[in-house]
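K.L.:
Can you keep this structure in mind? I'll have questions shortly.
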Amino acid sequence: MMSVVRVEKVSKDYRLGEQLVRAVNNISISIEPGVFLAISGPSGSGKTSLLNLIGCIDRPTLGEIYINEQSVRGMTDNQLAALRLRSIGFIFQTFNLLPVLSAAENIEYPLLQRTDLSPAERHERVDHFLDVVGLSDRKSNRPNQLSGGQRQRVAIARALAGSPSIVLADEPTANLDKATGVSILQLMKKINEQLKTTFIFSTHDARVVALADRLVQVEDGKLQGLGIRRDGDWVISRARASDTAPNKAPAN
Ligand code: ADP
Ligand code: MG
């Protein structure tokens, strides 16, 4: 089956003074379209580094990333920016909304770079996704006039407005109280089911993992296990260097 994201023997090194930190260590995963995938692992395990590589915000030190089966290695920074604009939506732990813009303007902001959309089409998308996240009555509010959960809803609408095939969310519930965090994840899950958008999110929260249908476990930069949900239960296969797919059936 075609994969929406393929990570092949990818490593990422950061230089920290004299030291070289291998934040991602020889990870290979293949992600099917339409999944609701959690990357889990303790703090410092490489979740953000891996998401930044998948999101083409960062380039791997070693290995290959494919988005919709196209290698991104040879792409220029401008080509990567164009790919992100068309194919990838981002949701952040700290929402990353522009404080001087209203909810509607925040959602519209990335669309302003889309020369293929008329102003009328942009506004139609803004109104549609405000409705999807249940904030039609808050469109004129600035971020500081919204609760944390509402801000994250604006960020979800912003991520979806470009009709990406992939939405990446780095610990999207980390700055929310438990109940709000769960409702944000449930909203993401509903959108995943209705629009078939692939969601890839990182978390160290078991309640968030519980809503996923695919699981990538990382520790110390390495792949530890790949999980697929079958009849409500996780089937986890321990990762070996040769594993390539989180949806591979366990050998039994
Ligand atoms: P997580 O998101 O799971 O907490 P990160 O991907 O942020 O993990 O970090 C993985 C490792 O890489 C950590 O040891 C972290 O200190 C290191 N690291 C992350 N970003 C940088 C950077 N820009 N420079 C140097 N080291 C970094
Ligand atoms: Mg992180």
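K.L.:
Of everything in segment 209-235 that's farther than 13 Å from Ala38 by Cα and surrounded by fewer than 14 Cβ atoms within 10 Å (Cβ to Cβ), which residue is farthest from ligand 2 (Cβ to nearest atom)?
P.N.:
Asp231
K.L.:
Checking the condition modelled with pLDDT of 95 or more, of a type in the set (Asp, Glu), within 18 Å of the chain's Cα centre (by Cα) and outside any loop (DSSP other than H, G, I, E, B), which residue from Glu193, Glu124 passes?
P.N.:
Glu193
K.L.:
So, one more: I'm checking my understanding of the structure. Among residues of segment 97-120 that are out of contact with any Leu (no Cβ under 8 Å at 6 or more places or on another chain) and closer than 15 Å to Leu135 by Cβ, which one is surrounded by the fewest Cβ atoms within 10 Å (Cβ to Cβ)? Walk me through it before giving the result.
P.N.:
Step one: list which residues in segment 97-120 are out of contact with any Leu (no Cβ under 8 Å at 6 or more places or on another chain), which gives 97-102, 108, 112, 115-116, 118-120.
Imposing the further condition that a residue be closer than 15 Å to Leu135 by Cβ reduces the set to 97, 101-102, 108.
On the way: Leu97: 23, Leu101: 15, Ser102: 19, Glu108: 21.
Among them, the one singled out is Leu101.
K.L.:
Tell me, please, whether a residue that is closer than 20 Å to Ile91 by Cβ and away from ligand 1 (no atom under 12 Å from the Cβ) can be found in segment 37-52.
P.N.:
Yes; the residues of segment 37-52 include at least one that is closer than 20 Å to Ile91 by Cβ and away from ligand 1 (no atom under 12 Å from the Cβ).
K.L.:
Go through (1) away from ligand 1 (no atom under 16 Å from the Cβ); (2) in contact with a Pro (Cβ under 7 Å, 6 or more places away or on another chain); (3) not in a strand (DSSP E or B) for Gly89 and report which single condition fails.
P.N.:
(3)
K.L.:
So, one more: Residues being touching a Gly at 6+ places or on another chain (Cβ under 6 Å) and more than 16 Å from ligand 2 (Cβ to nearest atom): count how many of those fall in segment 163-183.
P.N.:
3
K.L.:
Take the residues of segment 15-43 that are out of contact with any Asp or Glu (no Cβ under 8 Å at 6 or more places or on another chain) and part of a loop (DSSP other than H, G, I, E, B): which is nearest to ligand 2 (Cβ to nearest atom)?
P.N.:
Checking each candidate, the answer is Ser43.
K.L.:
Let me spell it out: the conditions are (1) of a type outside the set (A, V, I, L, M); (2) modelled with pLDDT of 95 or more; (3) under 27 Å from Ser49 (Cα atoms), and Asn141 meets all of them except one. Which number is the exception?
P.N.:
Against the list (1) of a type outside the set (A, V, I, L, M); (2) modelled with pLDDT of 95 or more; (3) under 27 Å from Ser49 (Cα atoms), Asn141 comes up short only on (3).
K.L.:
A further question follows. Any idea which of Leu187, Leu211, Leu176 is within 16 Å of Gly134 (Cβ to Cβ) and either part of a loop (DSSP other than H, G, I, E, B) or of a type in the set (Phe, Trp, Tyr) (or both)?
P.N.:
Leu176
The values are calculated or read from the model by the stated rules, or taken from the named source; none is laboratory data. Remember, predicted model here, so these are calculated numbers, not experimental data. Quick reminder, even Gly has a Cβ in these numbers, built from the backbone with ideal geometry, and neighbours come from all protein chains shown.
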